[in-house]
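Note sheet for the following structure.
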Amino acid sequence: MLQRYLFSIRFAVSIMALAAWVAEAQGVKGSPPSPSQQVTRANGDGTGEHGPQLQHRNRRYQLHSADVLELNFPFTPEFNQTVTVQPDGYITLRGVDSIRVEGQTLPEVNDSLRSVYAKILHHRGWP
């Protein structure tokens, strides 16, 4: 039963993140480059002020302000909700405290949601 909850949450969050990633890749939503990217671009040769900078490849999507997540709880539909990451990076959740998700990857958000909802949704198979 809990497995279905977690799968449903993971699936919904994954779909929303994929949509956000596609929108960002198409230039709909741009984010400013990080300071390390700015240094690399300024020098043009891949080295920063203090030598070569590590490049991140295939990084997981990190949530940003205005991203939308759909949370589905098949066995407790009263907790189903669509939440938007607020400008301060928090999402407001039904029945529990708000949590900060901006900058987190989907697995990190899933762990945060599991932790916060474990306080009110009890299941003996849930770690």
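Among the residues of segment 81-100, those identified as assigned to a loop (DSSP other than H, G, I, E, B) and under 18 Å from residue 65 (Cα atoms) are 85, 86, 87, 88, 89, 92, 93, 98. Contact annotation: residue pairs with Cβ atoms under 7 Å, 6 or more positions apart or on different chains, pairing a residue in segment 67-80 that is outside any loop (DSSP other than H, G, I, E, B) with a partner that is among the aromatic types (Phe, Trp, Tyr), are 79/73. Of the residues making up segment 55-80, those that are closer than 12 Å to residue 113 by Cβ and touching a Phe, Trp or Tyr at 6+ places or on another chain (Cβ under 9 Å) number 4. Looking across segment 61-97, the residues that are at pLDDT below 95, loosely packed, with under 15 Cβ neighbours inside 10 Å and either β-branched (Val, Ile, Thr) or out of contact with any Asp or Glu (no Cβ under 9 Å at 6 or more places or on another chain) (or both) come down to 74, 75, 76, 77, 78, 97.
Among the residues of segment 101-117, which ones are without any contact (Cβ under 8 Å) to a residue 12 or more places away in the chain and either closer than 15 Å to residue 66 by Cα or surrounded by 14 or more Cβ atoms within 10 Å (Cβ to Cβ) (or both)? Matches in segment 101-117: 108 only. Taken over segment 83-104, residues that are of a type in the set (A, V, I, L, M) and out of contact with any helix residue (DSSP H, G or I) (no Cβ under 6 Å at 6 or more places or on another chain) amount to 4.
Here residue 101 qualifies as of a type in the set (A, V, I, L, M) and touching a Leu at 6+ places or on another chain (Cβ under 6 Å).
The values are calculated or read from the model by the stated rules, or taken from the named source; none is laboratory data. Not measured: the values here are computed from a predicted model. When we count neighbours, we look across all protein chains shown, and the Cβ atoms used for this are built from the backbone with ideal geometry, even at glycine.
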